[in-house]
Every structure is written in C-alpha cells, then in structure tokens.
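To start, the structure itself, in structure tokens.
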Amino acid sequence: MTNTLDFSIEQNDIVNHEGSAFVEACPGAGKTRVLIGRASMLRENDNHTRGVAFLSFTNAAVHELEHRLRAGGLIRSPVFPDFIGTFDSFLWHHLVAPFGVKGSQEQPSLIPDLDDVLVAPFPKAQPLPLSCFCPSAGEIIGAAAGSQGFNIAQKKSTIIKAYETTAARIRERHSSQALLSYNSARREALERIQDSLTGPVIGAALQCRFREIIVDEAQDCNPDDLMIISWLKSFGIPLKVMCDPHQAIYRFRGGVTDHLLEFSEEFSVSDRKQLTGNFRSSPNVCKATVQFQAKATRGQSSNPLGPLREDQTPVLILSYSGKSVPSSIGDRYVSHLQQKGMETRYGIVIAATKASAHAAVGNSKPVKKRDKVVCLAEAVVGFRLATTFHESKAILQEVHQIVLELEGKLADISYHEYVKASEIDEISWRPRILRLLEGLQFNPRIHLDARSWHGHIKSYLSSEIEIEDGVSISQKLRWNAELDSVLRTPQEKDVKAKTIHSVKGKEFPSVCVVTTAQTLKGILDFLENGEPRNKSEEARKLYVAVSRAQKFLVIAAPKSQATRLKQHLGQSGTEVDFEEV
C-alpha cells in the first residue's frame with residue numbers, strides 16, 4: 001500500500017488526484033517520488049486490463065524512472081499493457097510504425113541520424129547535412145546552410161540546384177525504403193491524428209489501452225508535442241503533465257516555455273497543481289534560484305523542506321578580472337570546500353560550454369576542429385575517463401561509426417541507416433570495437449608524444465580494418481596539431497568540469513557555476529527588464545545550473561557584472577558573500 005505519510009501535502013494531493021493534471025514543480029520537489037507514488041496508487045487499484053504509460057524526453061530520464069519503477073515492482077514483466085519510454089518512442093510505437101509510410105510497402109524504420117546524411121552533388125563539393133534542406137519544398141535553407149559555412153548568396157544557381165536535386169534524390173530513397181527521422185516520424189504522427197478517419201479510431205484504441213498517461217519533463221517538448229498531448233487528452237485519457245517551464249533549455253527542440261504556460265489553460269483550475277517544496281537545497285540556494293526565473297513569470301522562492309532546511313550557508317560570488325575564465329576559480333573553489341570540511345571530490349564546476357568549465361579548473365580547452373583523427377583521440381581519452389555505463393556505451397558507438405567511416409562504408413548513408421541495412425547489432429560489433437580501443441590507447445610510457453601515437457594508430461588500424469574506397473589510412477587520418485592538446489594527460493583534479501546540459505536532472509552537495517562576460521550582462525538585462533528576449537534560454541540555463549546545488553553554491557562572475565549579480569540575488573533575500581580572485 002502507498003504510505004501517504006511519506007509525502008508532503010502537495011505531493012499527496014497529486015499522488016491521489018484522479019483525472020488529468022498539469023503539475024508545475026520547482027527543482028528538488030521530489031517529482032520522481034511523486035511519480036512512483038502515483039504508479040503505486042494505480043497498481044493498488046489495478047484491474048489488469050489497462051496499462052499506464054510513463055513518458056519522458058531523454059533516454060537518461062527514462063532509464064532512471066524505469067529503474068525506480070522496477071525496483072518498486074511497479075512495472076509488469078512483460079511490460080504490456082504498460083509502456084515506458086521517450087515521447088518519440090511512444091509516437092513511433094502507437095502512431096507511426098503500425099501503419100506504414102505512404103508510397104512504400106516496406107516496414108517503417110526509425111533512423112535517428114537520418115537528417116545528418118551528407119549531401120555532396122559532385123566530387124570535392126562541400127557536404128551539407130540533409131537537415132539543411134526543406135523536407136516539403138526541397139529548397140536549401142539559407143540559415144541552416146550558413147551555419148555550415150555555406151553562403152547561398154555567393155553560389156551560382158546551378159550549384160544550388162545540384163545540391164537540391166541530390167537532397168531530393170536522397171529523400172526519395174529514404175521514402176521508398178520507409179526510413180524516417182525523428183522529425184519526419186512526428187510529421188507522420190501529426191498527419192495521422194489530424195485525419196478525420198484514422199484519428200478517432202487510434203484515439204479510441206489508446207483510450208482502451210491506457211488508464212493514464214504520465215508525461216514527465218514536459219518543458220522539453222515542442223508545440224507539436226503539446227498538440228499530440230492535447231489530442232490524447234481529448235479522448236478522455238487522464239494525463240499527468242509534469243514540468244518546470246523555467247528548465248526549458250533545449251532550443252533545438254523548439255523551446256516551449258510560452259506555449260507550455262498557454263497549454264496549462266486547457267486544464268481546469270482544480271487540475272492545475274504545484275510542487276513548491278524543495279527537498280534538495282538550503283534556503284539561500286532556493287532564494288538564489290528563483291532570481292534566475294524570467295521576471296514576467298517569477299514566483300516566490302521554493303520552500304526548503306529537506307535535511308538542509310535550517311542550513312544558512314551563504315551563496316558565494318567569485319569576481320574575476322579579464323574577459324577569459326581563469327583557472328584560479330577552481331583553485332579558490334577547492335579552497336572553500338576544504339575550509340567548510342566538504343569532500344572536494346563531490347564538488348563540481350559547471351558552465352554553459354565545455355571551454356569555460358575546463359578553463360575554470362585549469363584543463364586545456366576542448367578542440368574546435370573535429371576531424372576524424374581528433375574525434376578518435378577524444379574517444380580514446382574519454383573512454384578511459386568514463387565513469388558511467390552510458391558514457392562508455394556512447395563512446396563505443398562513436399568509435400564504431402568512425403571505423404565504418406574509415407572503411408568507406410558511410411559515403412552517402414548515415415551510421416544508423418547502415419547498421420539497419422546491414423542487420424548488425426551491438427552484440428556483434430562491440431567486442432571488436434573494445435579490442436580496437438585497447439589497441440588505440442595513448443600510453444605515455446610507450447608513445448613519447450602525440451606524433452608517436454599518431455604514427456602508431458595509422459600502423460595499427462591499417463592491419464585491423466579493410467578500406468573499401470581506395471583511400472589510404474594516412475590520407476584519412478592526417479596529422480592535426482590539436483592532438484597534442486587532446487592527448488595531454490589531464491591533471492588529477494579535485495573537482496569535475498561539466499556542461500549545464502550534462503548535469504540537468506542531477507544534484508550535488510556543492511556547485512560552482514561559471515559565467516562569462518560575453519553572456520552575463522545580457523542575462524541580467526533580461527532578468528531585470530525582460531529584454532533582450534534572445535537571452536531567455538541563457539537565463540534558464542543558469543536557473544538549471546544553480547538549482548543543482550544542495551548546500552554550497554558558488555557563482556564565478558566577471559568583475560564588470562559581479563556587483564550587479566550580488567544586488568540581483570539580494571532582491572530575494574539571498575545572503576551573499578563576495579570575493580575577488
């Protein structure tokens with residue numbers, strides 16, 4: 001039985017709420033506990049005929065939720081009629097795959113990197129990703145091509161036409177083989193639910209299948225996702241939509257902060273819930289966090305309810321001079337952790353970019369030019385330093401893709417398209433890639449420098465892979481001076497350097513957030529005046545960053561904005577200490 005004494009009043013209200021609900025949750029609100037509690041409540045009243053769907057927007061979030069549900073015995077085995085997965089996988093399984101694709105007799109296949117296929121109409125032409133071409137009209141998208149360094153205004157019309165013709169030919173091949181990217185699958189799903197014949201039939205079938213659908217991290221969806229969620233709700237399927245609009249930091253998905261708030265109006269007042277109790281952070285961290293919400297939607301500071309609710313550790317601002325991020329930030333941060341008796345290995349430095357985060361702890365800057373030899377070197381170093389299964393798995397797949405590229409097997413086809421067409425799975429290629437990674441490792445006792453390692457990998461790979469396109473391994477893996485930086489043995493650091501995106505959904509005893517002169521002024525302008533609007537996502541990134549801290553929050557700020565930042569935080573009553581580094 002669900003123990004309602006384990007929940008706050010707000011949490012208990014949601015756990016026991018029947019019907020649809022729009023839940024806005026602050027950081028550290030115990031959202032996952034609420035989801036588990038709701039799942040337990042549904043299981044207690046289970047008639048074993050209809051299932052519950054648990055949806056989120058990243059594989060990491062789904063993995064964590066599934067682990068918790070299985071640990072509590074709240075997911076059937078086999079899973080049916082329940083469902084747990086990403087929103088994309090839900091659309092694929094229920095709105096796309098069962099119905100096929102118009103114009104093809106093939107079974108549909110979802111190819112995640114299909115839009116990354118390179119379009120090159122003639123030899124030595126600059127390759128452009130397929131995403132640079134409009135999927136409906138077929139025309140090259142000027143802004144997208146420009147981001148690749150391809151200025152259409154400076155190209156002859158015959159060249160542009162050649163690119164568009166080549167892109168159209170590739171898309172025709174994809175269509176005939178029923179290959180769909182995430183974006184094209186979503187378009188298929190929208191067309192299906194908007195069809196007056198198929199939409200009602202599918203909706204009625206889903207209503208019979210699911211007694212409730214829970215959508216977590218809804219701030220990561222886009223307007224099309226909200227349209228589909230609204231459509232599901234119209235068939236009487238109870239939906240629990242869980243979100244924190246201030247954490248919408250995935251602009252590439254079509255960030256929906258405003259759309260999400262409008263969407264909440266579709267729920268009655270009694271069905272709009274809030275989780276304002278913060279079980280993660282200390283009072284000063286809670287007060288500081290609210291100051292990074294947009295002024296137009298800024299609420300009250302979340303209520304600290306966890307074990308740190310009486311902790312009065314001030315927020316610390318480290319003011320630094322100059323335009324670049326100095327390594328003294330990391331040194332001063334470690335010193336403060338030691339003074340407070342906190343374990344430095346649990347400290348973390350986070351920033352919007354890898355470059356800023358690594359600069360703050362004294363690591364070399366990440367390489368900007370990422371040709372194959374640099375990517376391979378980064379993978380070799382990254383695999384040795386990987387701390388989780390997911391990190392190791394991602395690197396193994398990256399190396400597998402690099403090997404296929406070196407072998408000349410991905411000339412006009414994406415990695416996942418090749419894997420699907422070749423009918424190979426991870427079990428078949430992973431042992432080989434693990435062996436290759438072992439042979440590619442950089443060992444300072446064997447390889448005197450990056451040049452030595454570069455010669456070794458060319459010799460090693462020439463005997464381990466079979467090149468099909470006639471281009472030698474030396475031509476494919478040319479020397480790149482950046483290898484010196486990539487392969488330099490990282491110094492052992494007391495604290496880790498991470499990007500904001502990589503720590504979303506996590507929490508740490510202490511966090512040092514690094515801001516830069518290039519961005520902080522615009523962020524503070526937006527937070528205080530609502531302009532410039534294009535700084536709204538940067539502000540939300542800082543909101544995510546500072547809210548990761550449990551006890552001790554440090555913000556490194558350029559000297560030109562540090563005092564202004566202190567005054568801004570003080571508006572919520574945040575106690576702030578101030579130091580120059």
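Remark: Gly37 falls outside the filter, which requires a residue to be open to solvent by less than 30 Å² (accessible area, probe 1.4 Å) and at positive phi. Of the residues making up segment 117-124, one or more are more than 30 Å from the chain's Cα centre (by Cα) and without any contact (Cβ under 8 Å) to a residue 12 or more places away in the chain. Inside segment 164-186, residues that are assigned to a helix (DSSP H, G or I) and either under 30 Å from Ser234 (Cβ atoms) or of a type outside the set (S, T, N, Q) (or both) make up a count of 14.
Look through segment 523-581, keep the residues that are touching a strand residue (DSSP E or B) at 6+ places or on another chain (Cβ under 7 Å), modelled with pLDDT under 95 and among the acidic types (Asp, Glu), and return whichever of them is most open to solvent (accessible area, probe 1.4 Å). Top of the filtered list is Glu580. All of Ala189, Ala145 fail the test of being within 17 Å of Val117 (Cα to Cα), in contact (Cβ under 8 Å) with a residue 12 or more places away in the chain, assigned to a helix (DSSP H, G or I) and not basic (Lys, Arg), apart from Ala145.
Do we find that Val101 is among the hydrophobic types (A, V, I, L, M, F, W, C) and surrounded by 19 or more Cβ atoms within 10 Å (Cβ to Cβ) in this structure?
So Val101 passes the test.
For segment 378-413, residues that are basic (Lys, Arg) and under 18 Å from Ile465 (Cα atoms) total 1. Of the residues making up segment 76-98, those that are part of a loop (DSSP other than H, G, I, E, B) and open to solvent by less than 20 Å² (accessible area, probe 1.4 Å) are Pro81, Asp82. One residue alone among Ala296, Ala288 is within 28 Å of the chain's Cα centre (by Cα), modelled with pLDDT under 95 and under 23 Å from Ser536 (Cα atoms), and that residue is Ala296. With the structure loaded, tell me whether Arg43 is of a type outside the set (A, V, I, L, M), open to solvent by 70 Å² or more (accessible area, probe 1.4 Å) and assigned to a helix (DSSP H, G or I) or whether it fails that test. Criteria not met by Arg43. Just one of the numbered conditions (1) in contact (Cβ under 8 Å) with a residue 60 or more places away in the chain; (2) in contact with a Leu (Cβ under 8 Å, 6 or more places away or on another chain); (3) open to solvent by 40 Å² or more (accessible area, probe 1.4 Å) is not true of Met227: (1).
Quick one: count up the residues across segment 204-214 that are buried (at least 17 other Cβ atoms within 10 Å of the Cβ) and assigned to a helix (DSSP H, G or I). Result for segment 204-214: 2. Within segment 402-423, the set of residues being closer than 20 Å to Leu180 by Cβ and open to solvent by less than 70 Å² (accessible area, probe 1.4 Å) comprises Leu410, Ile413, Ser414, Tyr415, His416, Glu417, Tyr418, Val419, Ser422. In this structure, Asp115 does not satisfy being closer than 30 Å to Ala144 by Cα, touching a Lys or Arg at 6+ places or on another chain (Cβ under 8 Å) and acidic (Asp, Glu).
Scanning segment 261-279 for residues that are open to solvent by less than 30 Å² (accessible area, probe 1.4 Å), closer than 20 Å to Phe7 by Cα and not in a strand (DSSP E or B) yields a total of 0. Is one or more of the residues making up segment 476-485 under 30 Å from Ala167 (Cβ atoms), under 24 Å from the mean Cα position of the chain (by Cα) and assigned to a helix (DSSP H, G or I)? No, segment 476-485 contains no residue that is under 30 Å from Ala167 (Cβ atoms), under 24 Å from the mean Cα position of the chain (by Cα) and assigned to a helix (DSSP H, G or I). Scanning segment 52-71 for residues that are surrounded by 15 or more Cβ atoms within 10 Å (Cβ to Cβ), of a type outside the set (A, V, I, L, M, F, W, C) and either within 23 Å of Phe267 (Cα to Cα) or free of Cβ contacts under 8 Å to residues at least 12 places away in the same chain (or both) yields a single hit, Ser56.
Scanning segment 438-480 for residues being of a type in the set (Lys, Arg) and either touching a Gly at 6+ places or on another chain (Cβ under 9 Å) or open to solvent by less than 80 Å² (accessible area, probe 1.4 Å) (or both) gives a total of 2.
Could you say which residue among Ala162, Ala178 is over 25 Å from Leu110 (Cα atoms), touching a residue at least 40 places away in the same chain (Cβ under 8 Å) and among the hydrophobic types (A, V, I, L, M, F, W, C)?
Ala162
Every residue, every condition in (1) part of a helix (DSSP H, G or I); (2) of a type in the set (Ser, Thr, Tyr), yes or no:
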residue: Pro509; (1), (2): no, no
residue: Cys512; (1), (2): no, no
residue: Lys521; (1), (2): yes, no
residue: Leu527; (1), (2): yes, no
residue: Ser536; (1), (2): yes, yes
residue: Lys551; (1), (2): no, no
residue: Ala557; (1), (2): no, no
residue: Gln561; (1), (2): yes, no
residue: Ser572; (1), (2): no, yes
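Here is the figure for segment 148-162: residues that are in a loop (DSSP other than H, G, I, E, B) and open to solvent by 40 Å² or more (accessible area, probe 1.4 Å) total 5. Among the residues of this structure, Lys506 does not count as one that is open to solvent by 40 Å² or more (accessible area, probe 1.4 Å) and either on the phi > 0 side of the Ramachandran plot or in contact with an Asp or Glu (Cβ under 9 Å, 6 or more places away or on another chain) (or both).
Do we find a residue being under 30 Å from Pro81 (Cα atoms), open to solvent by less than 50 Å² (accessible area, probe 1.4 Å) and not small (Gly, Ala, Ser) anywhere in segment 163-181? Checking segment 163-181: at least one residue is under 30 Å from Pro81 (Cα atoms), open to solvent by less than 50 Å² (accessible area, probe 1.4 Å) and not small (Gly, Ala, Ser).
The values are calculated or read from the model by the stated rules, or taken from the named source; none is laboratory data. Computed from a predicted model, the values in this text were never measured in an experiment. For neighbour counting, all protein chains shown are included, and Cβ atoms are generated from backbone atoms with ideal geometry for every residue, glycine included. SASA here: full protein model, heavy atoms, side chains in, ligands and nucleic acids out. Shrake-Rupley method; radii C 1.70, N 1.55, O 1.52, S 1.80 Å.
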